[in-house]
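Peer 1: Right, I'll just put the structure down here and ask away after.
Bear in mind that the values in this text are calculations on the coordinates, not laboratory data. Please read all numbers here as calculations on a predicted model, not as lab measurements. When we count neighbours, we look across all protein chains shown, and the Cβ atoms used for this are built from the backbone with ideal geometry, even at glycine.
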Amino acid sequence: MPRLTVVFPDGKTKYVDFDGNPRRFDLLSAQDIPVEHPCGVGGGCGKCRMEIEVHLSPPTAEEERAGGRLSCRTRLLGDARLVLGGSGEMDVEFYTRRLSSARSDDGYGLALDIGTTTLALQIVRLSTGEVVGRASDRNPQTTLAADVMGRIRAATEGQAQILRSSLLAAVRDMKKEACRQAGVSPAAPREAVVTGNTVMLHLLCGRPVDALGHAPFAARWLFDETVDLEGVPAYLPPCMDAFVGADVSCAVLSSGLCRHRCALLADVGTNGEIALFRNGKLYVTSTAAGPAFEGAGISCGMNNVPGAVTRVTLSQGELRLATVGGAPPRGVCGSGLLDAISVFLKTGLISGSGATLGPLTLAPGLSLTPQDVRALQLAKAAVAAGMTTLLETAGVGWEEVERLYLAGGFGSHFSVSSAVDVGLLPAEIADRVRVVGNAALAGATMLLLDPARKDEIRRLADSAVSVRLSGHPAFSEHYMDAIAFFEE
């Protein structure tokens, strides 16, 4: 009997056996697995798009228009694997709509997250809270420097205007694409909320970043202000520190971190940012993880675009790949890299120290290199050590953490079990992890829909205790301990 494997956003798995060729919608409904179908299962809205692999009916016209497989249209022809909330951006939309109230006025707004490696934008109908258009792209500033310190050096060496103009050009293109999807003019969004780390917001506004590049690493601006974004008033939420930006403030807001007695949030990206809330006190920090989690700096790495490998599993000795849009595999994004290394560790092709013991081939013409493995090791060690150091600073053990929120574009396809396999997360926290995707963009959207929440995010930013990891002896020790995948 064929079987559908359903992977929930928290990493848990359910197996559903079936007969015939049912629609995914019918099978999920019979199992009381909720999936939003705003158009009444009519195939018109594209909101039930999911990540799924193998043994499917050919794409329908509605699916072609939606750019992916739809729950209400795809029929299962045999064994298949389904990842709920696979697009990540849809997760953000649903999450935002649950937590935010729409505004009484009509019109459109723009929410933008300026990541060090990836840009994400969405157009929102203010009267309903509906996300009607979205776009993402690689931050063009990566051509000059991969990380924030490199951008600071480039800006202070006379390339600040190039950094700013390239970013604005990318945002214009994304805005046009998202407005095209929404069926509105690029001039339709009349206000915006723009989030990002402290350096990205400085570069966006054309402000000098020299103070961020040397001790005492103090930011001249922590924002919480409205600026002109090419004719549109854009609110920039408050940053918490020179290297803990408005993106963390927004992620803390949207995740509901502070509703717990003790909870942790990690935004896994190039500039890994971590927040811990315990007994009414908020601790924050950042760690230079590098761009591996976003597919950058990897020999076959790519953005979350059609053909990008998002999941890698091992079934009866064979590799199974899931890609964006079900397209033939062309490269690997961050979650696919994490899964792949987890699988190669299990098969013995990667040792506990990270040495490669054979070819790391995913598909014809698609392989990982020893340098790719090393990049992942360094990135996961930085984040793991950052979380451990922050917990120790607050006097907290992992057993006290009620919830770990995993944020960032990387988290959209995140496999908790793979994270445990490679040593990014301890096994004891696995059942308390919740993947929230781009929580920074969700928080920006919440502020767009409910401006009264600006007071809330100001209180969060003002109350945060910033912990610097640079030169921190405990961090250095934990970092070295976390580089290896496991002890041999």
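Peer 1: Measure off 7 Å from each Cα along the Cα-to-Cβ vector at Arg220 and Phe486, then give the distance between these two points in nanometres to one decimal.
Peer 2: The answer from the label model is 5.2 nm.
Peer 1: Considering only DSSP states other than H, G, I, E and B, which trypsin sites (Lys or Arg not before Pro) in the stretch 203-286 qualify as loop sites with at most 13 other Cβ atoms within 10 Å? Mind dumping the intermediate values first?
Peer 2: On the way: sites: Arg220, Arg259, Arg261, Arg278, Lys281; in loops: Arg220, Arg261.
Of the trypsin sites (Lys or Arg not before Pro), the ones in loops of the stretch 203-286 whose Cβ has at most 13 other Cβ atoms within 10 Å are Arg220, Arg261.
Peer 1: A follow-up question, please. Classify the stretch 201-281 from the C-alpha gyration tensor, please: rounded if a/c falls under 1.5, else prolate or oblate depending on whether a/b exceeds b/c.
Peer 2: Since a/c reaches 1.5 but b/c is at least a/b, the shape of the stretch 201-281 is classed as oblate.
Peer 1: Quick check on the exposure proxy: order Glu392, Glu399 from fewest to most C-beta atoms within 10 angstrom.
Peer 2: Ascending Cβ contact count within 10 Å gives the list Glu399, Glu392.
Peer 1: Please list, in order, the residues from the stretch 381-402 whose amide nitrogen is less than 11 Å from a point placed 7 Å along the Cα→Cβ vector of Ala427.
Peer 2: none
Peer 1: Ranking request for peptides 132-140, 474-482, 333-341: highest mean number of other beta-carbon atoms within 10 Å first, then the rest in descending order.
Peer 2: Top to bottom by mean Cβ count within 10 Å: 333-341, 132-140, 474-482.
Peer 1: Also, quick follow-up: Is the C-alpha gyration tensor of the stretch 329-456 telling us rounded, prolate or oblate? Criteria: a/c under 1.5 is rounded; beyond that, a/b larger than b/c is prolate, otherwise oblate. Please list the in-between numbers first.
Peer 2: Values: a/c = 2.73, a/b = 1.56, b/c = 1.75.
Oblate is the answer for the stretch 329-456, as a/c is 1.5 or above yet b/c matches or exceeds a/b.
Peer 1: Turning to a different aspect of this structure: Based on alpha-carbon centroids, what's the gap between the stretch 245-279 and the stretch 430-488 in Å, whole number please?
Peer 2: 4
Peer 1: Only counting other Cβ atoms within 10 Å, I'd like Phe293, Phe486, Phe223 sorted with the fewest neighbours first.
Peer 2: Fewest to most other Cβ atoms nearby, the residues stand as Phe486, Phe223, Phe293.
Peer 1: For the stretch 345-453, which trypsin sites (Lys or Arg not before Pro) are in a loop by DSSP, counting at most 15 other Cβ atoms within 10 Å?
Peer 2: Listed in order of number, the matching sites amount to none.
Peer 1: Hey, another quick one. Give the peptides 359-372, 188-201 in descending order of average Cβ contacts within 10 Å, highest first.
Peer 2: On the way: 359-372: 15.5, 188-201: 24.9.
Top of the packing list down: 188-201, 359-372.
Peer 1: Follow-up question, since we're still on this one. In the structure shown, do any of Lys281/Lys346; Lys14/Lys346; Lys14/Lys380 have a Cα-Cα gap over 30 Å, and if so which?
Peer 2: Beyond 30 Å between Cα atoms: Lys281/Lys346.
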